[in-house]
Structures are given as C-alpha cells and as structure tokens.
Amino acid sequence: MEPGINFSTLEEQILLLKEATDAVLLDTIGLGQKMQEAFGQHAVTSLSSQMLWTTLQSEN
C-alpha cells in the first residue's frame with residue numbers, strides 16, 4: 001500500500017521553496033541594479049574621456 005500524501009509537509013515545502021525563490025529574485029534584482037549603476041558610471045567616464053580626447057585633438 002502506498003503512503004498517503006502529507007499535505008502539511010507538502011505545504012511547508014512549498015512555502016520554503018517560495019521563500020528561496022523570492023530571495024533569489026531579490027538578489028537578482030539587486031545585482032541588476034548594481035550592474036546598471038556600474039554601466040551608467042562607465043558610460044559617463046567613457047564620455048568624459050572621449051570629450052577630453054576630442055578637445056586635446058582639436059588643440060593640436
């Protein structure tokens with residue numbers, strides 16, 4: 001005879017899985033925001049470097 005499904009245990013496992021999934025989602029969102037900030041800073045630095053290079057080239 002097969003053992004019956006323990007719905008209490010199943011519900012607990014589903015809640016633990018949901019908590020783990022939520023934590024991964026929040027980590028992913030946080031990482032995405034950090035990457036976006038880093039790319040934004042890099043773009044500003046690249047633009048500043050390009051403007052400096054252009055200015056130096058026009059002075060020669």
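What the table below lists for this structure:
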{"read-out": "Filter pass, G40 being outside any helix (DSSP H, G or I) and either free of Cβ contacts under 8 Å to residues at least 12 places away in the same chain or surrounded by fewer than 10 Cβ atoms within 10 Å (Cβ to Cβ) (or both)", "value": "no"}
{"read-out": "For G32: the one exception among (1) open to solvent by less than 100 Å² (accessible area, probe 1.4 Å); (2) modelled with pLDDT of 80 or more; (3) more than 31 Å from the chain's Cα centre (by Cα)", "value": "(3)"}
{"read-out": "Exclusive hit being out of contact with any Cys (no Cβ under 9 Å at 6 or more places or on another chain), open to solvent by 100 Å² or more (accessible area, probe 1.4 Å) and at negative phi, set L52, L10", "value": "L52"}
{"read-out": "Evaluation of P3 against (1) in a loop (DSSP other than H, G, I, E, B); (2) open to solvent by less than 90 Å² (accessible area, probe 1.4 Å) (one fails), failing number", "value": "(2)"}
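The values are calculated or read from the model by the stated rules, or taken from the named source; none is laboratory data. Owing to the predicted nature of the structure, the values given are computational and were not obtained by experimental measurement. Glycine also receives a Cβ, built like all others from the backbone with ideal geometry; neighbour counts cover every protein chain displayed. Just so you know, the surface numbers come from the protein's heavy atoms only, side chains and all, with ligands and any DNA or RNA stripped out. Shrake-Rupley method; radii C 1.70, N 1.55, O 1.52, S 1.80 Å.
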